[in-house]
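K.L.:
Here it is, the structure, as structure tokens.
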Amino acid sequence: MSYAKDGEPAEYAEQANGRHVKDHPNDNMSVGRYLATRISTLKPPMDKLENPFTLLGMLNFKQWMFFLVAFLGWTWDAFDFFTVSLTVHQLAETFDKSTKDITWGITLVLMLRSIRNLLNHVGAIAFGIAADRYGRKWPFILNLFLFIVLELGTGFCQTYTQFLGVRAIYGIAMGGLYGNAAATALEDCPERARGLISGMLQQGYAFGYLLATAFARGLVDTTPHGWRPLYWFGAAVPVLIIGFRLCLGETDSYMERKRLRAAGDSAGKTFVAEGKVALKRHWMLLIYMVLLMAGFNFMSHGSQDLYPTMLENQYQFSSDAVTVTQVVANLGAMTGGTVVGYLSQMLGRRFSIIYISVVGGALLYPYSFTGSEKVAAAAFFEQFCVQGAWGVIPIHLMELSPGGYRTFVVGTSYQLGNLISSASSTIEATIGERFPLPSITKDGETVERYAYGKVICIFMACVFVYVIILTILGPEYKGRKMDAASDQDLQEARGIRGAAHDHDHSGSDEEKNEKV
């Protein structure tokens with residue numbers, strides 16, 4: 001990129017003469033016109049679907065390093081989260097808590113999540129703003145440092161109260177990582193490779209679950225320390241990820257934005273002005289993103305959290321059978337997220353989400369009503385669809401977000417959506433108790449059984465409908481440029497006039513449809 005005087009990109013001089021790059025093609029559209037275009041803009045752009053290896057080859061060494069460190073950070077976020085659900089029985093025994101009301105960890109996990117989610121969005125806000133203002137690197141490192149301290153602290157807890165307190169504080173670190181990871185991995189990513197890289201990044205969540213499952217089998221109850229080695233191990237790996245991140249600098253997109261902010265009167269004042277402009281122009285979009293993420297979190301938690309309970313309680317699966325089914329499901333999730341994220345580059349973000357949600361809805365019956373171990377096939381394809389839709393989300397949120405506050409908006413919308421959906425398993429478990437099945441005797445005790453499969457099926461059908469409707473109503477900015485020179489909000493914040501006028505934005509699918 002060439003720069004004019006005072007460090008200002010040459011593109012700004014062109015914009016001052018009337019040539020502009022339109023940032024949000026719906027800005028000047030009436031509500032009626034916008035709603036009238038919701039179906040027509042779903043038409044897939046059918047961009048050339050390139051060989052995935054060709055797309056991966058577009059990333060240079062630096063971009064690959066940013067992706068890998070972001071993927072590892074997001075993976076370990078998920079690992080730390082799942083350590084609780086995988087050790088619930090041992091925790092209950094250590095802290096002298098009854099397991100009568102804890103069915104495969106759901107009640108304890110929900111209790112912890114209810115406390116954590118109140119702090120998750122605090123972490124998302126604090127770390128998101130810090131990352132947008134001061135860079136991606138040090139907030140990311142601080143997140144991981146908190147992982148180390150709190151996972152290590154968890155392993156040394158002696159009372160249940162201490163355990164709950166430490167895990168609640170952990171929510172601050174957990175809440176701050178997602179937006180930073182998405183920005184680190186995607187904002188410098190070549191446009192044509194965004195869909196594929198987005199799908200790969202999101203599957204760090206499923207990969208973290210698989211790692212947690214494997215290491216739980218290898219570390220829990222294999223030493224005199226019981227469940228604690230799993231948490232100590234969880235505290236060790238972030239040290240390596242921090243070392244990796246220390247070797248990297250900042251993304252090119254952030255450095256460009258930093259130069260432009262510094263070219264004005266004050267970088268801090270420009271940053272605050274960007275926030276005011278973003279809030280004024282995009283407040284409805286920010287609300288939409290929270291509502292969308294609530295639906296997506298309902299989708300993942302509604303299909304996953306109570307599922308092991310259904311397999312064990314309703315269909316009497318053994319512990320090994322439950323584990324195998326869950327592993328197969330997460331392999332499906334990793335495959336689906338990558339494949340659908342890749343296809344979204346050809347089909348568009350909204351169309352991909354809607355299409356795979358329809359397929360996921362069609363698979364709900366075998367997913368929740370198959371009582372044999374053959375359900376593993378249904379679990380694979382159902383999670384292929386659920387996480388397939390999720391695979392589009394990192395890049396979809398990045399493209400929707402105001403440029404100067406990407407980390408903050410992506411992380412906060414994700415965590416606020418998570419907060420809204422945190423009661424999903426409670427809802428399913430409570431409704432499930434209204435559908436009792438004949439009890440059985442196991443190890444000399446009477447075990448009450450419930451038709452959880454019916455509840456999961458109905459609940460998830462409603463969630464899929466909600467996500468489909470919300471996606472139809474929402475915008476899409478596929479192909480949006482993420483460099484600072486194309487950021488309309490930054491131009492307005494710096495006092496460059498004409499920023500709100502229409503520009504040519506050839507990368508936007510909705511703009512293409514509007515021109516037609």
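The values are calculated or read from the model by the stated rules, or taken from the named source; none is laboratory data. The structure displayed is predicted, hence computed values, not measured ones. Please note: Cβ atoms are built from the backbone with ideal geometry, for glycine as well, and neighbour counts cover all protein chains shown. Heavy atoms of the whole protein, side chains included, go into the accessibility calculation; ligands, DNA and RNA do not. Shrake-Rupley method; radii C 1.70, N 1.55, O 1.52, S 1.80 Å.
K.L.:
Taking the highest mean first, how do the peptides 414-420, 332-338 order by number of other beta carbon atoms within 10 angstrom per residue?
P.N.:
So the order, starting with the most tightly packed, is 332-338, 414-420.
K.L.:
Computed FRET efficiency, Cβ-Cβ of Arg192 and Phe244, R0 30 Å: what is it to the nearest 0.05?
P.N.:
0.70
K.L.:
Which pairs in the list Lys280/Lys481; Lys62/Lys280; Lys137/Lys280 are over 25 Å apart, alpha-carbon to alpha-carbon?
P.N.:
From Lys280/Lys481; Lys62/Lys280; Lys137/Lys280, over 25 Å: Lys62/Lys280; Lys137/Lys280.
K.L.:
Still on this structure, I have one more. Packing-wise, with mean Cβ within 10 Å as the measure, how do 321-329, 218-226 rank, highest first?
P.N.:
Result, highest mean first: 321-329, 218-226.
K.L.:
Could you calculate the contour length gain from Tyr34 to Asp252, that is, 0.36 nm times the residue separation minus the distance between their Cα atoms, to one decimal place in nm?
P.N.:
Computed gain between Tyr34 and Asp252 is 75.1 nm.
K.L.:
Here is a further query. Just add up the charged neighbours of Tyr205: K/R +1, D/E -1, any other residue whose Cβ is under 14 Å from the Cβ of Tyr205.
P.N.:
-3
K.L.:
From largest accessible area down, sort Glu250, Glu476, Glu93; use a 1.4 Å probe on the protein chains.
P.N.:
Glu93, Glu250, Glu476
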